[in-house]
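Chemist: Here it is, the structure, as structure tokens.
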Number of protein chains: 2
Amino acid sequence: MGRRSDHSRGDLLKMAIDAAERIVESDGIKGLTARRVAKEIGYSVGTIYNLFDNLDDLNLHMKARTLDAMYEFVKDVPKGNDVNEDFKALHNAYFEFLRLNPKTLGTILDRVSADGKPLPDWYLEKVAKPFSVVEFALTPYFPEGNKTEVEYAARTLWCGVHGIAILELDNPVDFIGQTSAEEMALYLIQTFLKGLHSHKSQK
Amino acid sequence: MGRRSDHSRGDLLKMAIDAAERIVESDGIKGLTARRVAKEIGYSVGTIYNLFDNLDDLNLHMKARTLDAMYEFVKDVPKGNDVNEDFKALHNAYFEFLRLNPKTLGTILDRVSADGKPLPDWYLEKVAKPFSVVEFALTPYFPEGNKTEVEYAARTLWCGVHGIAILELDNPVDFIGQTSAEEMALYLIQTFLKGLHSHKSQK
DNA sequence: ACATTAAATGAACAATGTTCAATTGTTCTA
DNA sequence: TAGAACAATTGAACATTGTTCATTTAATGT
């Protein structure tokens, strides 16, 4: 078959990434193959390579989509009234999202580009967006408006949360006594916030 | 060639895992193939499958070795006099180890067993040992001797640290402004400790 | 109607994980 | 010492992978 008018290039991109998400969510990252994606969208392998540079590129676009979805999921969560309440809500939303998309979210931190190339800027921007929500929730603790410092604290805290969350994907049960990653993450958040608070009091 | 008396089974295991470490440290996890390991130790592919169930199994043994090495590297670091000093030293040792073994340590959190099988007990014990060092350093904050609580706090904190450390492996430069993962991790540790401390004071 | 263009194809290649019958050193027995 | 029994080692073979690209064919322009 030659050129078809079934779908625009944009449609195809969407279909392929949709398929990739479905595959990863059901069979894990190892189930994601070029031929499988092609079959799912009713096109041939070659078409996948028309749309993406290679499988890593497809993977990256899928992760970008996940980051977008996560941002949409949490962006309106913090209300800005009480820091502790906001973070409880953020914590809830984050783990709810993880429950809905365990495998895809799990791939976010995977080291993909073994070729050594740095991640492209457009992707780094997508990474920044969910962090910005955490920054917003933290601003009451940094009233001087020191943007760099808030970013720093937000990323530190949430990378930690994410690290804990990811760990559980491999070790579903009782990896740490009877405690779930969700509880641990809340503990990290609350202790971190307390630490920030006591730091502020000392000034 | 049939049976040779060049190396015992134990020798072969060691040689194979040594080779795997070398390969991963130089070419990343994607460079780790059965044939490559075989070539490095001067045996054929089949022999690799005599030693290990499959590549995942070889991978797991390599990760276990890394965990062993990490434990040896940090086990005597905390002196038990001052919590903050101990944690600074632990932080230093951990990142020093990361500098020496970036790629292998990077694989520790990788989700390998896509087959869904839980990790074997002997491996979970290896995971526990480095954590026990953190627990030891934390004990002054838990004078009631509540072992479960110390474990909980130690694992929470260090999973967070590890999450931050891993993130940087993908994003060597200025992922977060000008701040390195090493600084961020120290910030997480110190803020967490402050939070623990203020929590204690409120009792 | 024909030429031009570009999307879609799928055969082809090298490399992968994994298996297993065949091979060949080592060891045991008589 | 001969040869049988054993077990470690091999590598050809298979299915599957990522990736390429000459060929095909539908859509578009003239």
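Chemist: Using only the Cα atoms of segment B:68-135, what semi-axes does the equivalent ellipsoid have when each is the square root of 5 times a gyration tensor eigenvalue? Give whole Å, largest first.
Modeler: Square roots of five times the eigenvalues give 26, 15, 9 Å.
Chemist: Whole number please: convex hull volume per residue of the Cα set in segment B:1-97, in Å³? It would help to have the intermediate numbers written out before the result.
Modeler: Details: hull volume 10.6 nm³, N = 97.
Enclosed volume per residue, from the Cα hull, is 110 Å³.
Chemist: Ranked by Cβ crowding within 10 angstrom, fewest neighbours first, how are B:Lys117, A:Lys147 ordered? Please report the intermediate quantities before stating the final value.
Modeler: On the way: B:Lys117 8, A:Lys147 12.
Fewest to most other Cβ atoms nearby, the residues stand as B:Lys117, A:Lys147.
Chemist: Closest to the A-onto-B rotation axis, which residue of chain A has its Cβ, and how many Å off the axis is it?
Modeler: Smallest Cβ distance to the axis, with its residue: A:Gly163, 1.
Chemist: Can you list the copy-to-copy distances for B:Glu149, using a point 7 angstrom from Cα toward Cβ, in nanometres, shortest first?
Modeler: Listed shortest first, these distances are 3.1 nm.
Chemist: Just for the Cα atoms in chain A, what are the lengths along the principal axes, largest first, rounded to whole Å?
Modeler: Per principal axis, max minus min of the Cα coordinates gives 71, 40, 32 Å.
Chemist: Something else now. If neighbour count is taken as other Cβ atoms inside 10 Å, put A:Tyr94, A:Tyr43, A:Tyr123 in order from fewest to most. Walk me through the intermediate numbers first.
Modeler: Details: A:Tyr94 25, A:Tyr43 20, A:Tyr123 15.
Listed from fewest to most nearby Cβ atoms, that is A:Tyr123, A:Tyr43, A:Tyr94.
Chemist: Right, here's the next one. Going 7 Å from Cα along the Cα-Cβ axis for the label, what nanometre distances separate B:Asp53 from the same residue across the other copies?
Modeler: Distances between equivalent label points, in nm: 3.7.
Chemist: Counting other C-beta atoms within 10 Å, which of A:Lys126, B:Lys79, A:Lys14 has the fewest, and how do the rest follow?
Modeler: B:Lys79, A:Lys14, A:Lys126
Chemist: Just to confirm the numbers: B:Lys14, label point 7 angstrom along the Cα-Cβ line, distances to the other copies in nm, shortest first?
Modeler: Listed shortest first, these distances are 6.0 nm.
Chemist: When 1/r is averaged over all different Cα pairs and the result inverted, which Kirkwood radius in Å belongs to segment B:1-52?
Modeler: 11.2 Å
Chemist: Further question: Can you run the Rg to Rh ratio on the protein assembly as shown? Use alpha carbon positions and the Kirkwood inverse-distance Rh. Write out the running numbers ahead of the final one.
Modeler: Working: Rg = 22.8 Å, Rh = 23.0 Å.
Expressed as Rg/Rh, it is 0.99.
Chemist: Relative contact order of chain A: what whole-number percent is it, with Cα pairs under 8 angstrom and at least 6 residues apart?
Modeler: Normalised by residue count, the contact order of chain A is 18 percent.
Here, each number is a calculation from the coordinates, and none is a lab measurement. Note that this is a predicted model, so its numbers are computed, not measured. FYI the Cβ positions are ideal-geometry reconstructions off the backbone, even for glycines, and counts take in every protein chain you see.
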